[in-house]
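Comments concern the structure below.
The values are calculated or read from the model by the stated rules, or taken from the named source; none is laboratory data. The structure presented is a predicted model; accordingly, all values stated were derived computationally and were not measured. Here the Cβ positions follow ideal geometry from the backbone for every residue, glycine too, while neighbour counts run over all protein chains shown. All accessible areas refer to the heavy atoms of the entire protein, side chains included, with ligands and DNA or RNA removed. Shrake-Rupley method; radii C 1.70, N 1.55, O 1.52, S 1.80 Å.
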Amino acid sequence: MLSLYVDLAIGLILSFLLLSLLVSGINEGIVRLLAIRSKFLWAYLRDTLDGSSGGRAWLPAKIRDVFTALPFLRDPRPKHSDQPAPVESTMPAHESAGDDAMTKLLYERVREIDHPKTGKTSISNIPPARFAVALMELAATDPNGVEGWLAKLKAMKSPLYGHLMGVWEGAQRDLDRFRQGVETWFDGEMQRLSMLYKRYVKWVMAALGLVVTLLFSMDGLEYAKTLLRDNALRTGVAAVAAGDPATVNELKAKCTGNIQLTDCLTETLSSPALVKIFDNAIMSVTIPADGDPSVHWNGGVWWERLTTLSHWPGYLLTYVALLFGAPFWWDLLRRVTGIKGRR
């Protein structure tokens, strides 16, 4: 009895893991395609270095702006350059400073870590130590040192002035302590920005989880019932997930008759249990042993399942499970099956 429920747990965990990975993969594909991370970083940097543009902050204030305005309407990233940083970056006079003067100067100092591509920069992460060094390089160009450079930031009405002036005073006007203070400040800002980004993305993941649940019409309760009733399916899933020799031996014992043992094992492990997760999707793919894969439209069956109220508790179970994310289910699978992680 205990083995039965362990196999059931493994089957459900594995199915939720696969669907969670699908959600994460779709989200990562969207993020990479639209360069969301890079744009999110440079939106923050523009707000911090040069301030808002036309009274509007670059960093999105609403969830929808992260995937609408930021990717398509206002690209905050500087233009990509494959040239090395100039020997010296000159601070512009406050009368001629443009809206993105400080952003361009920062990019000049860090563009060696940019990827060699055309268009906009692809930098999505600036190490705090590199950011601090870049600012020290800019401060070194002023004849009056850090204080003269801060005075220029104030004249340019850069929001960075307020942050750095506090760091400068806290460092008691010591250059080395100032550099360390800038590094610590920027590291804290990046952690805060990361938390803000995750808060936005979790809503997108929730929306994608709902879409995946409905498109695959994955009824978690129905799948659990199938695993309980069909011993072959349950054992097959457990064998795939755990690789337990004892479980595989149980599977071998079920392969009786005229069928070859290897054919029986291959058929049992490769098709029924895991494929059943996706059998009721709006479109399904069949991969036969011989021949080419085929795609089938399941619109009629899918819509009938979707409009059957008895399936909705199972959909709700699946949706809530996907909200935990793939890392949670992978860790749980390792604990249940005894798979050891890398050290």
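Considering the conditions (1) farther than 23 Å from residue 149 by Cα; (2) at pLDDT 80 or above; (3) within 28 Å of the chain's Cα centre (by Cα); (4) not aliphatic (A, V, I, L, M), residue 84 is excluded by exactly one of them, (3).
Take segment 155-169 and flag every residue that is part of a helix (DSSP H, G or I) and exposed (fewer than 14 other Cβ atoms within 10 Å of the Cβ). Matches in segment 155-169: 162, 166, 169. For segment 180-196, the criterion of a residue being open to solvent by less than 60 Å² (accessible area, probe 1.4 Å) and farther than 29 Å from residue 137 by Cα is satisfied by at least one position. Would segment 278-296 turn up any residue that is at pLDDT below 85, part of a helix (DSSP H, G or I) and within 26 Å of the chain's Cα centre (by Cα)? For segment 278-296, residues at pLDDT below 85, part of a helix (DSSP H, G or I) and within 26 Å of the chain's Cα centre (by Cα): present. As a summary of the residue check, residue 36 satisfies the conditions (1) β-branched (Val, Ile, Thr); (2) touching a Leu at 6+ places or on another chain (Cβ under 8 Å); (3) in contact (Cβ under 8 Å) with a residue 60 or more places away in the chain except for the one numbered (3). When every residue of segment 80-87 is checked against the conditions, none turns out to be part of a strand (DSSP E or B) and either open to solvent by 10 Å² or more (accessible area, probe 1.4 Å) or polar (S, T, N, Q) (or both). Note on segment 45-76: residues that are surrounded by 18 or more Cβ atoms within 10 Å (Cβ to Cβ), at pLDDT 80 or above and of a type in the set (Phe, Trp, Tyr) total 1. Screening residue 124 against (1) more than 16 Å from residue 86 (Cβ to Cβ); (2) in a helix (DSSP H, G or I); (3) polar (S, T, N, Q) leaves a single unmet condition, (2).
Conditions (1) assigned to a helix (DSSP H, G or I); (2) within 14 Å of the chain's Cα centre (by Cα), marked per residue:
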site: 19; (1), (2): yes, no
site: 22; (1), (2): yes, yes
site: 28; (1), (2): yes, yes
site: 32; (1), (2): yes, yes
site: 40; (1), (2): yes, yes
site: 45; (1), (2): yes, no
site: 59; (1), (2): no, no
site: 64; (1), (2): yes, no
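Cβ-Cβ contacts under 7 Å between residues 6 or more apart (or on different chains), taken from a first residue in segment 137-152 that is touching a residue at least 24 places away in the same chain (Cβ under 8 Å) to a second residue that is exposed (fewer than 13 other Cβ atoms within 10 Å of the Cβ), are listed as 141/88; 141/90.
Kindly indicate which of 104, 39, 79 is among the basic types (Lys, Arg), modelled with pLDDT of 85 or more and either under 27 Å from residue 328 (Cα atoms) or touching a strand residue (DSSP E or B) at 6+ places or on another chain (Cβ under 7 Å) (or both). Spell out the reasoning first.
Numbers: 104 fails: either under 27 Å from residue 328 (Cα atoms) or touching a strand residue (DSSP E or B) at 6+ places or on another chain (Cβ under 7 Å) (or both); 39 fails: either under 27 Å from residue 328 (Cα atoms) or touching a strand residue (DSSP E or B) at 6+ places or on another chain (Cβ under 7 Å) (or both).
Going through 104, 39, 79 in turn, the sole match is 79.
If you go through segment 127-142 and keep only what is in a loop (DSSP other than H, G, I, E, B) and under 18 Å from residue 177 (Cβ atoms), you end up with just 140.
Applying a threshold of 9 Å to beta carbon distances and a minimum spacing of six or more residues, or different chains, the list of pairs starting in segment 286-308 at a residue that is closer than 14 Å to residue 216 by Cβ and of a type in the set (S, T, N, Q) and ending at one that is part of a strand (DSSP E or B) and at pLDDT below 85 reads 298/283; 298/284. Can you name the residue in segment 112-142 that is open to solvent by less than 40 Å² (accessible area, probe 1.4 Å) and among the charged types (D, E, K, R) and is also farthest from residue 37 (Cα to Cα) among such residues? Of everything passing the filter in segment 112-142, 142 is farthest from residue 37 (Cα to Cα). Of all residues in segment 143-154, those satisfying the criterion of being more than 39 Å from the chain's Cα centre (by Cα) and part of a helix (DSSP H, G or I) are 145, 147, 148, 151.
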